[in-house]
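S.K.: Pasting in a structure now, in structure tokens, and then I'll have a few things to ask.
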Amino acid sequence: MAPTPSELAAKAANVVTSTSSSAKDFKKEKTTARVLGAGCAGIAELMVFHPVDTTAKRLMSNYGKITSASQLNTVIFKDKAHASVSGRFLSLFPGLGYAAAYKILQRIYKYGGQPFVRDYLAQNHGGSFDRTFGKGNGKAIMHATAGSIIGIGEIVILPLDVLKIKRQTNPEAFRGRGLFAIIRDEGFGLYRGWGWTAARNAPGSFALFGGSAVAKEYFYKLEDYNTASWGQNFVASIAGATASLIVSAPLDVIKTRIQNRNFENPEGGFKIISNMMKNEGPTSFFKGLTPKLLMTGPKLVFSFWLAQTLIPAFNKVL
């Protein structure tokens, strides 16, 4: 006997909401859990990894090749290159106030905000992802797309990133001016490089959340990504962070060089690209990638792992 239209509709609905379906991936964790989990991840990352971030930014901002250990020492520690060990270590904490504000807001926005975009996509477009990419693939790409969208929107807090980078790499740009004086003087100039930042964030965040989702979907065969153990979240975070850093490396170098210029002497992204190709060669676009993978990579893995573990944990107890 041929199935009735209502039976066919029921079967179609069952396909859409079956295992690994994008449409089924609607979690709606508590907002408080998302904010607390992401915020705690940002605070922990800042406490452990701010010196590493300063080192990577100073290496990326260095023009020309480093040919000796003494030159490397000067690039990393600047005017504290010949200070005591403790003096050199403390010199890696410039702009901590800006870094704290930026890092905590960034992690709350990114790690806490991506689930909201994911929920919207799952609720309104989950079936489209499944039909276009297939179940499993569609679910992972939906997570990646939500990450990409939230990454582009990160330019809202760009001024804090600009101030943090200048304090880390070009403190002379401040010349004794306070925060409010800089905001008054520079205005929207603090959003310099916003286009390159968005261009960096879109593929980088896509790879971060997508790489993690692929690991959970295909390596661990998880139907609900929130049920991942801390170990599974750790491996998934390694996959996502590695993909993100490699994909975004060239645009990250350009963005950093745009942002670390003196306020009165800005330089556009295309001019920077031209000068890099002319004077430093194509490998210059991957400057700082090795320390980022070895040092900044663990920073991203650490915070992403904490956020993915803490958000479901807070959701259970709140």
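S.K.: With the requirement that a residue be of a type in the set (Ser, Thr, Tyr) and in contact (Cβ under 8 Å) with a residue 40 or more places away in the chain, what does region 265-314 give you? Explain how you work it out, then say what you get.
M.R.: Looking only at region 265-314, we keep the residues that are of a type in the set (Ser, Thr, Tyr), and these are 274, 283-284, 290, 296, 303, 309.
If the condition is that a residue be of a type in the set (Ser, Thr, Tyr) and in contact (Cβ under 8 Å) with a residue 40 or more places away in the chain, then 296, 303, 309 are the ones that fit.
Every residue, every condition in (1) part of a loop (DSSP other than H, G, I, E, B); (2) at pLDDT 90 or above; (3) among the basic types (Lys, Arg), yes or no:
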site: 7; (1), (2), (3): no, no, no
site: 34; (1), (2), (3): no, yes, yes
site: 37; (1), (2), (3): no, yes, no
site: 48; (1), (2), (3): no, no, no
site: 66; (1), (2), (3): yes, no, no
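S.K.: Can I ask one more? Please find, among 91, 148, the residue that is within 17 Å of the chain's Cα centre (by Cα) and either surrounded by 17 or more Cβ atoms within 10 Å (Cβ to Cβ) or at positive phi (or both).
M.R.: On the way: 91 fails: within 17 Å of the chain's Cα centre (by Cα).
After ruling out the rest, the residue left standing is 148.
Residues checked against (1) out of contact with any Gly (no Cβ under 8 Å at 6 or more places or on another chain); (2) in contact (Cβ under 8 Å) with a residue 24 or more places away in the chain:
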position	(1), (2)
196	no, yes
203	yes, yes
206	no, yes
217	no, yes
235	yes, no
245	no, yes
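S.K.: Output the number of residues of region 247-258 satisfying the condition of being in contact with a Phe, Trp or Tyr (Cβ under 7 Å, 6 or more places away or on another chain), in contact (Cβ under 8 Å) with a residue 60 or more places away in the chain and not β-branched (Val, Ile, Thr).
M.R.: Residues that pass the stated criteria total 1.
S.K.: Okay, next question. So residue 70 fits all but one of (1) over 21 Å from residue 157 (Cβ atoms); (2) open to solvent by less than 20 Å² (accessible area, probe 1.4 Å); (3) hydroxyl-bearing (Ser, Thr, Tyr); what number is the exception?
M.R.: (2)
S.K.: Let me ask something else. What residue, of 81, 56, 23, 99, is under 30 Å from residue 272 (Cβ atoms), at pLDDT below 75 and surrounded by 15 or more Cβ atoms within 10 Å (Cβ to Cβ)? Even if it seems obvious, please write down each step before you answer.
M.R.: Working: 81 fails: at pLDDT below 75; 56 fails: at pLDDT below 75; 23 fails: under 30 Å from residue 272 (Cβ atoms).
Step by step, each of 81, 56, 23, 99 is checked, and only 99 is under 30 Å from residue 272 (Cβ atoms), at pLDDT below 75 and surrounded by 15 or more Cβ atoms within 10 Å (Cβ to Cβ).
Quick grid of which residues meet (1) of a type outside the set (Gly, Ala, Ser); (2) open to solvent by 40 Å² or more (accessible area, probe 1.4 Å):
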| position | (1), (2) |
| --- | --- |
| 240 | no, no |
| 254 | yes, no |
| 283 | yes, yes |
| 311 | yes, no |
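The values are calculated or read from the model by the stated rules, or taken from the named source; none is laboratory data. Treat the numbers as computed from the prediction; the structure is a model and nothing was measured. Note that we place each Cβ from the backbone using ideal geometry, even for glycine, and neighbour counts take in every protein chain shown. Areas reflect the complete protein model, heavy atoms only, side chains present, ligands, DNA and RNA absent. Shrake-Rupley method; radii C 1.70, N 1.55, O 1.52, S 1.80 Å.
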